[in-house]
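Below: the structure, in structure tokens.
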Amino acid sequence: MNVKIKERGLFILGLVICFAVAGLSVLLENLIPGGLLGASIIALFMGTIINSFFHPAWMKPALKFTSKKILKVAIVLLGASLSINTIMSVGKMTFFVMIFTFAVCFGGGFFIRKIFGLNWKLSNLISAGTGICGGSAVAAIAPVIDADDKDIAFAMSSTFLFDMVMIALYPIMGKALGMSDIAYGIWAGTSVNDTASVVASGYAFSEVAGDFATMVKLTRTIAIIPTVLVFAYIGTRMKQKELKESGQGQKVNLVKIIPWFIGGFLLLAILNSVGAIPVAACGIIKGTSKFLMVAALAAIGLGTSILDFKKAGLRPMLYGITIDTLVTLTALGVIWCMNLM
């Protein structure tokens, strides 16, 4: 009995540490001007640094619970930030741009990853973060492909580095190209990764561009649903193949491969679209989702060592930069072809 009480106490202490790192990260995010650094990436790196000096074995259960279970709850609550009405209105203008950028991320990424020698899980996490919505997409896809926490950390870091550069360069390039507010909003909204970075780069150009870039970014988020379902199916088929090779048979059940948290995500999106969620409650849900995701990334950081980054080398970063650059150029090219400049 005493052993169980002790384990439970250590588990709770581990959760407290994860949420304390998350709280400190949110505080630091608010202190940094211009939204240049999001709480998620701060929590990830802060956790990694702490892990270099403090990584007791008793924290592992709490880290696993927070990085897996809490993360899924955060994804469900993320659905409250979506509105089908916004998606329909903005989606008409940005649909083709997104189609081409997704093709570059996942189609081009399939071949480019071989050049850098990356495994398919890590490369697709980076591609999802680049093509859809940064950390949220990485977090949503990771559970259905059984990605390692290290791969999640590498994918997050890759998209973060590119975003930091683009926040400064996008407004300069947009003005040099003589882009309109709408054209720039589409460009930033479809090719910059994280929401905070989209907001920062959008409003650095103009208020109208910032508003439109934010709406485009939220529209991109809905792509999480089909993308997760596709990867859930791929993951199930791969497991089926492994079982078949070991002499065990298993059929793919299309119902079972649908992750429960994506169902919850879609339900909240629908409820928000029909006005069933009060505006005040919606804001609270969005804030809770963000904080829980920050806590999950803090847990991932607390379970990742700086040595892991050294072992991975520059390949994940170079792959991410390559995909990001191709997406930036592709989005710009499609916008020009559609005469939206």
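The values are calculated or read from the model by the stated rules, or taken from the named source; none is laboratory data. Since we're looking at a predicted model, the values are computed, not measured. Positions of Cβ are backbone-derived with ideal geometry, glycine not excepted, and every protein chain shown enters the neighbour counts.
Worth a mention:
- Count of the range 150-204 residues which are buried (at least 19 other Cβ atoms within 10 Å of the Cβ), outside any helix (DSSP H, G or I) and in contact (Cβ under 8 Å) with a residue 40 or more places away in the chain: 3
- Failed item, numbered, when Leu266 is tested on (1) touching a residue at least 24 places away in the same chain (Cβ under 8 Å); (2) more than 15 Å from Lys72 (Cβ to Cβ); (3) not aromatic (Phe, Trp, Tyr): (2)
- Every condition in (1) part of a helix (DSSP H, G or I); (2) surrounded by fewer than 24 Cβ atoms within 10 Å (Cβ to Cβ) is met by Ala147 except one, and the failing one is (1).
- Residue among Phe102, Phe111, Phe95 that is in a helix (DSSP H, G or I), within 28 Å of Asn339 (Cβ to Cβ) and modelled with pLDDT of 85 or more: Phe102
- The range 53-92, subset within 14 Å of Gly301 (Cα to Cα) and among the hydroxyl-bearing types (Ser, Thr, Tyr), residue modelled with the lowest pLDDT: Ser67
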